[in-house]
Amino acid sequence: MKFSTRLNIPPSETLAINTLANKKKAAGERVYNLSAGEPLVQTPPVIIDAAVAALQAEKTNYTPMAGILELRETASTWLNKQYGADFSVAETFVTNGGKFGLYALCQTLLNPGDEAIIIAPYWVSYAAMVQLAGGCPIVLHTKEEEQWKLDVGDLERSITQKTTCLILNNGSNPTGVLYTKEELQNILHVCAQRNILVISDEVYSGLVYDGHEYISCSSLGQYKDTVIVVHSMSKNFGMTGWRVGFVFGREALIQKLTTLQGQSTSNTASVSQWAAVAAFEHANDIIPSMQATLQSRRDIFFTEFERIFHYQLSLPPCGLYYFIPLTAFGVRETDSVAFCSRVLAEANVAMVPGAAFAMEGYVRCSFGVSEDEIIEALAALHAYLKKK
Ligand code: PLP
């Protein structure tokens, strides 16, 4: 069989590790999973009740392509209130998770050869999505000693005639980096001056810790013409499998996205959309409760890691992950793929290699799993490494 060369991209390594871990589990092995890209929590009952009610009311047909009006209304109202944004219903698009929102944006905005700037360590799918659209990812590297923050000078120097957009992950996967208002203003200013779009991926916005404030690019209204915001029900509401995400942007963009969705997936599952409406109605209870659960898991991870490995991790201010240098585990190797492969094969502990995020010498560990899982996983990892 002959395949399209467009698919000459690597498969998602995070999903691949997770799949291998699940396979071992299915074969009856005890696997300690620190690779999960999601908060492992029950979807709150009010959301499930709303989904059941939608099914019973037979709300099971195709929906409008850009989403049901009720969800576009509650989503835009939530964003506007939460972050001081100003998006209308017509500027709100419902899609199959933030992931398809990002994919659809790349397909909508990039022509062959167009450049999209992405910031490493970056979420595994950005580069592939840009390539799938025929674009060219331009990778800017950041450093741990600079809190993984984008240097505006680097950004300015990387811009060319072909630069179309910057993909900015505020509250990042894998580093948890969180930008201040001033930093965002500087980035958006540089981009606006050169007429470059900023796709702001804000899917972890509710999972901020230690009293940090989350600043959304949507709150910087003077840049509305060049800012596109991607959101999701997945992480903030514990709804990863429901596949509901959003794009907020100018109406002309939303119309293009609607055309693309109409010719591809048609719409997000009707039941999931009704469940999302209920989730937003209870956002003031659900998000703080998610945040508290995950802050507690993050802190347990920190304490256990320090107790076992005698190494103090940097506390991520946002998100679901620790991005840990291999030296923290007391090993000398630098190849993160080899390290994660042998640890999964021999100790049944799943972590994601930094190489998947374009950053060698690190691994990503998720604290989205239960506290017991964190404690047992770190103990198993330590017991294995001690023997080596
Ligand atoms: N953006 C980032 C940075 C992510 O980590 C993820 C998922 O892991 C997504 C977007 C997409 O999430 P979803 O499609 O579940 O909304």
Practice prompt. Would you mind telling me which numbered condition in (1) out of contact with any helix residue (DSSP H, G or I) (no Cβ under 8 Å at 6 or more places or on another chain); (2) surrounded by 14 or more Cβ atoms within 10 Å (Cβ to Cβ); (3) not basic (K, R) A21 fails?
Written response: (1)
Worksheet item: (1) outside any helix (DSSP H, G or I); (2) surrounded by fewer than 19 Cβ atoms within 10 Å (Cβ to Cβ): which one isn't true of G238, the others all being true?
Response: (2)
Worksheet item: Looking at G176, is it surrounded by fewer than 21 Cβ atoms within 10 Å (Cβ to Cβ) and touching a Pro at 6+ places or on another chain (Cβ under 6 Å)?
Response: no
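Residues checked against (1) part of a helix (DSSP H, G or I); (2) of a type in the set (S, T, Y); (3) more than 18 Å from the chain's Cα centre (by Cα):
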{"site": "L294", "(1), (2), (3)": "yes, no, no"}
{"site": "E306", "(1), (2), (3)": "yes, no, yes"}
{"site": "R332", "(1), (2), (3)": "no, no, yes"}
{"site": "A345", "(1), (2), (3)": "yes, no, yes"}
{"site": "C365", "(1), (2), (3)": "no, no, no"}
{"site": "G368", "(1), (2), (3)": "no, no, no"}
{"site": "I375", "(1), (2), (3)": "yes, no, yes"}
Worksheet item: Among the residues of region 103-114, is any open to solvent by less than 30 Å² (accessible area, probe 1.4 Å), in the same structural domain as C165 (by TED's automatic domain parsing), within 23 Å of the chain's Cα centre (by Cα) and away from the ligand (no atom under 16 Å from the Cβ)?
Response: yes
Response to the item:
Pairs returned, first residue in region 52-64 that is outside the structural domain of S264 (by TED's automatic domain parsing) and acidic (D, E), second residue that is in a helix (DSSP H, G or I) and open to solvent by less than 90 Å² (accessible area, probe 1.4 Å), beta-carbon separation under 9 angstrom, 6 or more apart or interchain, are none
Discussion item. Looking for something open to solvent by less than 60 Å² (accessible area, probe 1.4 Å), among the charged types (D, E, K, R), under 20 Å from A128 (Cβ atoms) and at pLDDT 90 or above - is there at least one such residue anywhere in region 33-45?
Written reply: yes
Worksheet item: In the set F93, F87, which member is closer than 23 Å to G206 by Cβ, within 16 Å of the ligand (Cβ to nearest atom) and either in contact (Cβ under 8 Å) with a residue 24 or more places away in the chain or touching a helix residue (DSSP H, G or I) at 6+ places or on another chain (Cβ under 7 Å) (or both)?
Response: F93
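The values are calculated or read from the model by the stated rules, or taken from the named source; none is laboratory data. Because the structure is a prediction, the values reported are computed rather than measured. Cβ: placed from backbone, ideal geometry, glycine included. Neighbour counts: every protein chain shown. Side chains included, ligands, DNA and RNA excluded: accessible areas come from the protein's heavy atoms. Shrake-Rupley method; radii C 1.70, N 1.55, O 1.52, S 1.80 Å.
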